Amino acid sequence: MAREVNALLGRFFAERRKTGRIDLESFELAVRTAVYQTGAAVLSDLLCYDAPLPEQRTRPCPCGQTAIYRELRSRTLLTAVGKVQLTRPWYLCSYCHQGQFPADREWDVENTELSPGVRRMLALVGQAAPFDHGREQMKLLAGLEVTTKTVERTAEALGADIGAQEQQRIQKAMQLYLPVIVGEPIPIFYIQMDGTGIPVTQAERRKGKVEGQPAHTREVKLGCIFTQTTWDAEGYALRDPDSTTYTGAIETATQFGQRLYAEAHHRGLNRAIQQVIMGDGAEWIWNLAGLHFPDAIQIVDLFHARQHLWDLARLLYPGDDAHQRKWILRHQPKLDQGQIEKLVRFLRSLRPSSAEVTEKILQQADYFEKNADRMRYPEFRRQHLFVGSANSPACSGPSAEPTPSSLCAAAISTVVPKPTGRIVAPPNFHFYVAHPGTKDTTAKSLARAVKTLMRRRLAVNSSKLMKTGLEIQDMGTK
Ligand SMILES: [Zn+2]
């Protein structure tokens, strides 16, 4: 170690004498490499076993017979300080011909060439970006060479593990083997759901084609649970600090319903005094609500509903921003005041020139009519409930087009490098809801949630993740 560092120091000073400059970056990286090499030698020493003593040369074999020590065998492990040699005893059962390496189990490196430390790093980079970026990050940040495939395999294996654990929990919840969770009653218990298409690679597409969905996407369903105990001086709902957890998956509505129910139970559904379901008006959401949360108040997220009005404005005045805004100013109050029948009558009275536009307007009218009772916003506000997932009314005021919500922004920034790690296209989002901007902490925490979802691909439950530094009151709508 000392010798190597001395040699490096010699080079460092020689360069400074010669050029008068120091390239600190190349120097620091060279020092890291030297330190790693020393560390790898130390680890290799530690991981080099002696042959077992004569009285320790047999072990039970899983088949019931006895495995006998044959020899020391070596292999390479990639660790946090680079490649090291693991040399350990090998036992063979002459009855079933099954070999075993007890040391591998002890060090948690069975059937893998990656040390636990490296696996943790790969899990982190594998969830944060496309797998090939992960490879680059490993090289730069950790000085380790791995292949893109290694990043992918490690992240996917982890996701599969987590997915399997979650399935167990879901199955338990479905069979009603539910531990009763004791605690204080929860005054208001919110369950939010949404779905969105995420672009995926060819291999992923084949796994699940859904009718009516763009060919290059699959739908990811996201659920969010939070609670409310009180409201502010003006009567606006206040979210309980640190009360939000997320779950989600690429799966059918039926499977997702079970996942969400399990999460809700885990969060204390049985202690809820009032349940509220919030969604965008999609049929599957209310179906799941009726099935799993039949006593809940159903609310169409106001910002989803407003988005439908914006769709109409664009339809009626294509490319004419001024007219679109004017139209919204006139008609959004009906929605905000829960006068849905009036809004529906008005929409049906419109006589646009083209049959195609008429058709679309009537569809929107149907949407409002079908969800009318879920849009009684003044009534919900009287009960001090949240009515939407936006940040503040100032951000989504009547004349400004709603910009993507934090959920959406988070999804855009993180979902694009979709599950299989290659960017194929920008995502297609139907839920432009509110406007928290991109810098708010909610966007970040949601980004984390979505990233986790992507990492696990099949399963996410980021309650623990969410507990770290989540500021959620700003999610509340006023
Ligand atoms: Zn055996």
Quiz item: Okay, which of the range 96-133 sit inside 16 Å, backbone N to the point 7 Å along the Cα-Cβ direction of E71?
Solution: 99-101
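Test of understanding: what is the full-extension gain from L238 to T58, defined as 0.36 nm times their sequence separation minus their Cα-Cα distance? If you can, show how the numbers build up before the last one.
Working: separation 180, 0.36 × 180 = 64.80 nm, distance 6.48 nm.
Net length gain for the segment: 58.3 nm.
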Quiz item: So, in nm, how far is label H384 from label E4 when the simple model puts each one 7 Å beyond its Cα toward the Cβ?
Solution: 6.4 nm
Exercise. Using Cα centres only, tell me the gap between the range 302-381 and the range 272-291 in whole Å.
Key: 22 Å
Quiz item: Shape call for the range 118-170 from the C-alpha gyration tensor, a ≥ b ≥ c root eigenvalues: rounded (a/c under 1.5), prolate (a/b greater than b/c) or oblate?
Solution: prolate
Practice problem: Specify whether the C-alpha gyration tensor of the range 232-318 places it in the rounded, prolate or oblate class, a ≥ b ≥ c being the square roots of the eigenvalues: rounded for a/c under 1.5, otherwise prolate if a/b is larger than b/c and oblate if not. | Solution: oblate
Quiz item: To the nearest 0.05, how large is the calculated FRET efficiency for H97 and T33 if R₀ is 60 Å and r is the Cβ-Cβ distance?
Solution: 0.90
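Can you sort V344, V387 from fewest to most other Cβ atoms within 10 Å of each residue's own Cβ? Please list the in-between numbers first.
On the way: V344 19, V387 27.
Fewest to most other Cβ atoms nearby, the residues stand as V344, V387.
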Quiz item: Which Cα, out of A164, M121, Q137, lies furthest along the positive dipole direction of the range 118-170 (beta carbon charges, K/R +1, D/E -1)?
Solution: M121
Exercise. Per residue of the range 7-13, in order, report the coupling 6.51 cos²θ - 1.76 cosθ + 1.60 (Karplus, θ = phi - 60°) as ³J(HN,Hα) in whole Hz, putting x for Gly and Pro.
Key: 4, 5, 4, x, 5, 4, 6
Quiz item: Between G195 and residues 5 or more places away or on another chain, which pairs have amide H atoms under 5 Å apart, with H built 1.01 Å from N, and which residues are they?
Solution: L222
Self-check item: Karplus-derived HN-Hα couplings along the range 69-83 (A = 6.51, B = -1.76, C = 1.60, θ = phi - 60°), whole Hz, x at Gly and Pro
Solution: 4, 10, 6, 8, 10, 10, 8, 9, 10, 8, 10, 4, 10, x, 6
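Bear in mind these aren't lab numbers, they're just calculated from the coordinates by the rules spelled out. What you see is a predicted model, and the numbers here were worked out from it, not measured in a lab. Neighbour counts run over all protein chains shown; Cβ positions are idealised from the backbone, glycine included.
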